[in-house]
Amino acid sequence: MSVTKTTFGEIFGAIAINTRADPFHIEMDMSVAHRILLISDCHIGARLPLEDAQNLFLQKISDIISKESITDLFVLGDMVDSSVKNGTPVLISLLSRMIRLEIPITIIGGNHDRDFLKSIADKPEKRLKIVKNPSMLISIPQPQFSHPLRVYLTHELGNNYRVRDVFAFSFYEWIKTSCNIPECDWLIGGHAHTGMISHSKRFACIGQFSPEIKNIGYSILEIANEKLNLTTKFIL
């Protein structure tokens, strides 16, 4: 009798590269409402000259921030494509331009730009937080319960396997289990270039935000009155 393979690891014979969430704790003022723009997999420089790619990216980001009344921006990896030469100074230059958006920005690395990001020296900046851990963690107090509502944000928790569309669900279920994230906590990430939310399993993939590749998907995480709301959007 054959056994049906159901997890991403079983289907592809994959072994978890990383098994620890090791989150960086994000401090946020929960007394005010937040509308957090979540983007990932921008791959700046993949198809256009760098200056053109950066200008297009910043224009689209600025438009969405204004249209959606965004209070914070989280970049969940792969902002710069790995094909870009001298990626670290390119990333530094881009981040210096993004600070002019005048909202708090938090960025974590992905499989394409993680090494670029790790090479940036830690330097305090009022509106910019660079996270070098595999994930970030937001804890939302829940006075009616014994534990807070926890949201882990990542690119792929350091598990760099190619994932697209139909396998996004099994991949996220697999890495959430592999990194021992409790079932009651949320895991939100990128990497799969797909917008997907599972309310029953409490994980989500935010889609790809890459104007130069002509894929403009993003998510908005709303935190207000000790409640959480997540929506995914795609601009046709």
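Charge dipole (Cα centre; +1 on Lys/Arg Cβ, -1 on Asp/Glu Cβ; no other charges) of the chain amounts to roughly 100 debye. Once C-alpha pairs closer than 8 Å and six or more residues apart are averaged by separation and normalised to the residue number of the chain, the relative contact order reads 26 percent. Computed on segment 48-107, with alpha-carbon pairs under 8 angstrom and 6+ residues apart, the relative contact order is 46 percent. Taking other C-beta atoms within 10 Å as the exposure proxy, GLU68, GLU212 rank GLU68, GLU212 from fewest upward. Look at HIS193, HIS25 and count the other Cβ atoms within 10 Å of each Cβ; fewest to most, that gives HIS25, HIS193.
Given the Cα-Cα distance of ARG127 and LEU48 and 0.36 nm per residue of separation, how much length would full extension add, in nm? Gain on stretching ARG127 to LEU48: 25.7 nm.
Could you tell me what percent of the DSSP beta bridges with both partners in the chain are antiparallel, to the nearest 5?
Working: 27 of 49 bridges.
If we restrict to bridges inside the chain, about 55 percent are antiparallel.
Residue ranges 49-57, 7-15, 181-189 sort as 181-189, 49-57, 7-15 when ordered by packing (mean number of other C-beta atoms within 10 Å per residue, highest first).
The modelled label-to-label distance between GLU27 and ARG97, using points 7 Å beyond Cα along the C-beta direction, is 3.2 nm. For the chain, dividing the convex hull volume of the Cα atoms by the residue count gives 136 Å³ per residue. Each of ARG127, ARG202 has some number of other Cβ atoms within 10 Å of its Cβ, and from fewest to most they run ARG127, ARG202.
FYI, it's all coordinate maths here, none of it is from the lab. What you see is a predicted model; the values in this text were computed from it and never measured. Ideal geometry is used to build each Cβ from the backbone, glycine not excepted, and the neighbour counts take in all protein chains shown.
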